[in-house]
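Enquirer: Have a look at this one.
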């Protein structure tokens, strides 16, 4: 949900809640004037406020939030029971403060806060049930970095041939990209995606036109952190505008390169280091000519919590700052799926491959399948076997060269292959 949609939801819930609180406060004032027992007066105020809240939410707010689903009865029972209990006990807990202004505010707004939390949870529950009721999608397995190196190409193509991989992302300016294009020409079943790369490798655009994106060796050098900070520059500043122009040129050039290498393939897109989700990059995608706008973009709605993962995997994930990456990418992903839907662009429903990125073993694959099974999604890996890159290999890809030197690349390939047996 985007920021605007979330604010609109809070305003709707808040409007209903403020009027409910006013009803509750009016009953408390009337009870004070009549000198009625405070616990019973508080309960009566809650019940009248809840009646209003139920009618307003059930008829408008809740149905809009869930796409027409009614309020689940068991959640209504939970809401009513909890608030009856709180309304009866709260005056006693507050003691002498119950008949003061501060105590009155607590008694009035506590049920409102409880109701907001419960109604929101119930709405998400109903929406989730409706999504699960849709036609289920299979869990798909995806590999990044096709075209990086012959060993990566060979491994990805072998895994696809064995039914262990469904799709792959291509680094279109990498050393083995043309070899990958030739091999994929006879493999129409392998779904291909442009792996937009801005952090390393040679550019697709004319280097003279994108100097701010390159290092002294002429390599792309706009990593995730630099692009994230660049997005904080004032939108109308000369630096921001210059960067956006150069990003647009490079993104367009990589898309055109993809079309040349893989003619007839649909334009689908994700990002090396997930840079496509960064605002300064995301904005450029939708300023492209219509012929170059992607028809599918990867989203990163990775669920939590994970179960069945050994402590060793968790320790390695913590060492690699996996939870921090997961939280940051979830924040950047907020509202992306909804925006893609408005634009008519397809995306994956779920995703697994951030928290344990680079360490996808059998336990992670099984956990990912359990998490994604209700609605489907994408499991990301980086497999490569027979890696023997010498010291001079992949000079333009220093990040990937270090990453692929890990024995985990072959372990991931083995784990993917085992799932087909």
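The values are calculated or read from the model by the stated rules, or taken from the named source; none is laboratory data. Just so you know, these numbers come straight off a predicted model, no measurement behind them. Note that we place each Cβ from the backbone using ideal geometry, even for glycine, and neighbour counts take in every protein chain shown.
Enquirer: Within the stretch 180-203, track down each residue that is more than 13 Å from residue 262 (Cβ to Cβ) and surrounded by fewer than 21 Cβ atoms within 10 Å (Cβ to Cβ).
Expert: Residues satisfying the conditions are 189, 202.
Enquirer: Follow-up question, since we're still on this one. Please count how many residues of the stretch 143-169 are in contact with a helix residue (DSSP H, G or I) (Cβ under 6 Å, 6 or more places away or on another chain) and under 15 Å from residue 265 (Cα atoms).
Expert: 1
Enquirer: Check whether at least one residue in the stretch 123-131 is buried (at least 18 other Cβ atoms within 10 Å of the Cβ), over 30 Å from residue 273 (Cβ atoms) and modelled with pLDDT under 70, and report yes or no.
Expert: yes
So that you can scan it fast, the table gives a plain yes or no per residue for (1) surrounded by fewer than 20 Cβ atoms within 10 Å (Cβ to Cβ); (2) over 24 Å from residue 184 (Cβ atoms); (3) modelled with pLDDT of 95 or more; (4) touching a strand residue (DSSP E or B) at 6+ places or on another chain (Cβ under 7 Å):
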| position | (1), (2), (3), (4) |
| --- | --- |
| 225 | yes, yes, no, no |
| 235 | yes, yes, no, no |
| 250 | no, no, yes, no |
| 282 | yes, yes, yes, no |
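Enquirer: Right, here's the next one. Scan the stretch 393-414 and give yes if some residue there is assigned to a loop (DSSP other than H, G, I, E, B), modelled with pLDDT of 90 or more, touching a helix residue (DSSP H, G or I) at 6+ places or on another chain (Cβ under 7 Å) and assigned by TED's automatic domain parsing to the domain that holds residue 159, otherwise no.
Expert: So far as the stretch 393-414 goes, no, none of its residues is assigned to a loop (DSSP other than H, G, I, E, B), modelled with pLDDT of 90 or more, touching a helix residue (DSSP H, G or I) at 6+ places or on another chain (Cβ under 7 Å) and assigned by TED's automatic domain parsing to the domain that holds residue 159.
Enquirer: Taking the condition of being at pLDDT below 90, buried (at least 21 other Cβ atoms within 10 Å of the Cβ) and within 12 Å of the chain's Cα centre (by Cα), how many residues in the stretch 325-372 meet it?
Expert: So the answer is 0.
Enquirer: Out of the stretch 305-324, which residues are loosely packed, with under 14 Cβ neighbours inside 10 Å and in contact with a helix residue (DSSP H, G or I) (Cβ under 7 Å, 6 or more places away or on another chain)?
Expert: Listed by number, the residues that qualify are 307, 308, 310.
Enquirer: Restricting attention to the stretch 252-280, report how many residues are surrounded by 17 or more Cβ atoms within 10 Å (Cβ to Cβ) and in a helix (DSSP H, G or I).
Expert: Here the count works out to 14.
Enquirer: Can you name every residue in the stretch 177-207 that is outside any helix (DSSP H, G or I), in contact with a strand residue (DSSP E or B) (Cβ under 8 Å, 6 or more places away or on another chain) and free of Cβ contacts under 8 Å to residues at least 40 places away in the same chain? Steps first, please.
Expert: From the stretch 177-207, those outside any helix (DSSP H, G or I) are 185-206; that's our starting set.
Checking which are in contact with a strand residue (DSSP E or B) (Cβ under 8 Å, 6 or more places away or on another chain) leaves us with 190-203.
If the condition is that a residue be outside any helix (DSSP H, G or I), in contact with a strand residue (DSSP E or B) (Cβ under 8 Å, 6 or more places away or on another chain) and free of Cβ contacts under 8 Å to residues at least 40 places away in the same chain, then 190 is the only one that fits.
Enquirer: Continuing with this model, one more query. Among the candidates 342, 370, which residue alone is over 28 Å from residue 225 (Cβ atoms) and without any contact (Cβ under 8 Å) to a residue 24 or more places away in the chain?
Expert: None of the other options fit; the residue is 342.
Enquirer: Given 374, 383, which one is within 21 Å of residue 192 (Cβ to Cβ), in the same structural domain as residue 221 (by TED's automatic domain parsing) and either touching a strand residue (DSSP E or B) at 6+ places or on another chain (Cβ under 6 Å) or in a loop (DSSP other than H, G, I, E, B) (or both)?
Expert: Just one listed residue meets the conditions, 383.
Enquirer: I'd like to verify a number: residues in the stretch 185-217 that are at pLDDT below 95 and either on the phi > 0 side of the Ramachandran plot or outside the structural domain of residue 167 (by TED's automatic domain parsing) (or both), how many?
Expert: 0
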